[in-house]
Every structure is written in C-alpha cells, then in structure tokens.
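> Handing you a structure now.
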Amino acid sequence: QVQLVESGGGLVQAGGSLRLSCSPSMRIFSIYSMGWFRQAPGKEREFVATITWNTGSAYHADSVKGRFTISRDNAKNTLYLQMNNLKPEDTAVYYCAAGRSSPQNMAVNLRLVDYWGQGTQVTVSS
C-alpha cells in the first residue's frame, strides 16, 4: 500500500517554478526525517533534499542548492519542495520519503527510507 502521496508535478518551461506536496495516506510510525528523491530515465534514484520533522533542519543536494527548498508544516502533516529556476536536468519522477534515520544518513543510503510515495512527474522543457 502507498503510504505517502505526492502532488504538484507538471510540465514547465526552464526558469519556471513548481511546489510539490507530500502527505501520508495512512498512519505512519517512528519518523525522524522526511525527504525528496528523484529518478530520471536511465538513471538511479538520487537524493534531492531531506529534513528533520521535529526541528526542521534541512539538507539539500549540491545540484539544487539555492534553487530548491524543502520544508514541512507539522500542523498540516505535509512536506513541501519549492522548486525555483527549474532546469531541463531537473526532469524526473520525484518521490517523497520518510524514515527513522537522520537527513544526512538517509541522503546517502536509500535503504534507510521506511516509506515511499508513488512519485509525481516533473518535466522541464528548454
């Protein structure tokens, strides 16, 4: 069963913006960090950004620093990824993730992810 649900993907021109959202579809347990990963055609799934749920301490991949911002709204039980100045290289399926590990550890080891969303397509045209 899908336990995280993403929304907000779509088709945009280079330089445009999108905001992705992620919410649980059912109750999840023992979560310390949440994050975003992406997978482009023919490539492995890669880290984009992670955040601690309680404190909001964030960690972003070098490729998106200054353009993407991860955040969370505890009251709404929702995770966000604000994506600005999008580039064609950002085209991928974006997956929401949650787990018990730290943002740093989750970023380098996808096996530490306990829950995955089904993914939302982001396409950036040139």
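The values are calculated or read from the model by the stated rules, or taken from the named source; none is laboratory data. As the structure is a computational prediction, the values presented were derived from the model and not from experiment. Virtual Cβ from ideal backbone geometry, glycine too; neighbours counted across all protein chains shown. What goes into the accessible areas is simple: the full protein's heavy atoms, side chains included, and nothing from ligands, DNA or RNA. Shrake-Rupley method; radii C 1.70, N 1.55, O 1.52, S 1.80 Å.
> Looking only at segment 60-73, which residues are within 19 Å of SER7 (Cβ to Cβ) and either surrounded by fewer than 16 Cβ atoms within 10 Å (Cβ to Cβ) or without any contact (Cβ under 8 Å) to a residue 12 or more places away in the chain (or both)? First the steps, then the outcome.
Keep residues of segment 60-73 that are within 19 Å of SER7 (Cβ to Cβ), which gives 68-73.
SER71, ASP73 - these are the residues of segment 60-73 that are within 19 Å of SER7 (Cβ to Cβ) and either surrounded by fewer than 16 Cβ atoms within 10 Å (Cβ to Cβ) or without any contact (Cβ under 8 Å) to a residue 12 or more places away in the chain (or both).
> For segment 74-96, name all the residues that are more than 12 Å from the chain's Cα centre (by Cα), open to solvent by less than 60 Å² (accessible area, probe 1.4 Å) and not acidic (Asp, Glu).
Applying the first criterion (more than 12 Å from the chain's Cα centre (by Cα)) to segment 74-96 yields 74-77, 84-91.
Restricting the remaining residues to those that are open to solvent by less than 60 Å² (accessible area, probe 1.4 Å) gives 86, 88, 90-91.
Result: LEU86, PRO88, THR91.
> While we're looking at this one, here's another question. Report, by residue number, each residue of segment 6-55 that is of a type in the set (A, V, I, L, M) and modelled with pLDDT of 95 or more. Step through it out loud before you land on a result.
We begin by selecting, within segment 6-55, every residue of a type in the set (A, V, I, L, M); these are 11-12, 14, 18, 20, 26, 28, 31, 34, 40, 48-49, 51.
LEU11, VAL12, ALA14, LEU18, LEU20, MET34, ALA40, VAL48, ALA49, ILE51 - these are the residues of segment 6-55 that are of a type in the set (A, V, I, L, M) and modelled with pLDDT of 95 or more.
> Okay, next question. How many residues are open to solvent by 20 Å² or more (accessible area, probe 1.4 Å) and within 10 Å of the chain's Cα centre (by Cα) if we restrict to segment 47-59? Steps first, answer last, please.
Going through segment 47-59, the residues open to solvent by 20 Å² or more (accessible area, probe 1.4 Å) turn out to be 47, 53-59.
Narrowing further to those that are within 10 Å of the chain's Cα centre (by Cα): 47.
So the answer is 1.
> For residues that are among the aliphatic types (A, V, I, L, M) and in contact with a helix residue (DSSP H, G or I) (Cβ under 9 Å, 6 or more places away or on another chain), scanning just segment 99-126, find the one that is nearest to LEU20 (Cα to Cα).
First pass over segment 99-126, keeping only residues among the aliphatic types (A, V, I, L, M): 106-108, 110, 112-113, 122, 124.
Those still in the list that are in contact with a helix residue (DSSP H, G or I) (Cβ under 9 Å, 6 or more places away or on another chain) too: 106, 112-113, 122, 124.
On the way: MET106: 20, LEU112: 22, VAL113: 19, VAL122: 9, VAL124: 14 Å.
Result: VAL122.
> When the residues of segment 8-17 are filtered to those that are closer than 11 Å to GLN121 by Cβ and within 16 Å of the chain's Cα centre (by Cα), which remaining residue is surrounded by the fewest Cβ atoms within 10 Å (Cβ to Cβ)? Please lay out each step first, then the result.
Filtering segment 8-17 down to residues closer than 11 Å to GLN121 by Cβ leaves 8-11.
Okay, now just the ones that are also within 16 Å of the chain's Cα centre (by Cα), so 8-10.
Values: GLY8: 16, GLY9: 18, GLY10: 13.
Checked segment 8-17; the qualifying residue surrounded by the fewest Cβ atoms within 10 Å (Cβ to Cβ) is GLY10.
> Residues in segment 21-53 that are over 15 Å from ALA97 (Cβ atoms) and either in contact (Cβ under 8 Å) with a residue 12 or more places away in the chain or in contact with a strand residue (DSSP E or B) (Cβ under 9 Å, 6 or more places away or on another chain) (or both): how many?
Going through segment 21-53 one residue at a time, the tally reaches 4.
> Inspect all residues belonging to segment 97-114 and state whether any of them is in contact (Cβ under 8 Å) with a residue 60 or more places away in the chain, open to solvent by 20 Å² or more (accessible area, probe 1.4 Å) and β-branched (Val, Ile, Thr).
yes
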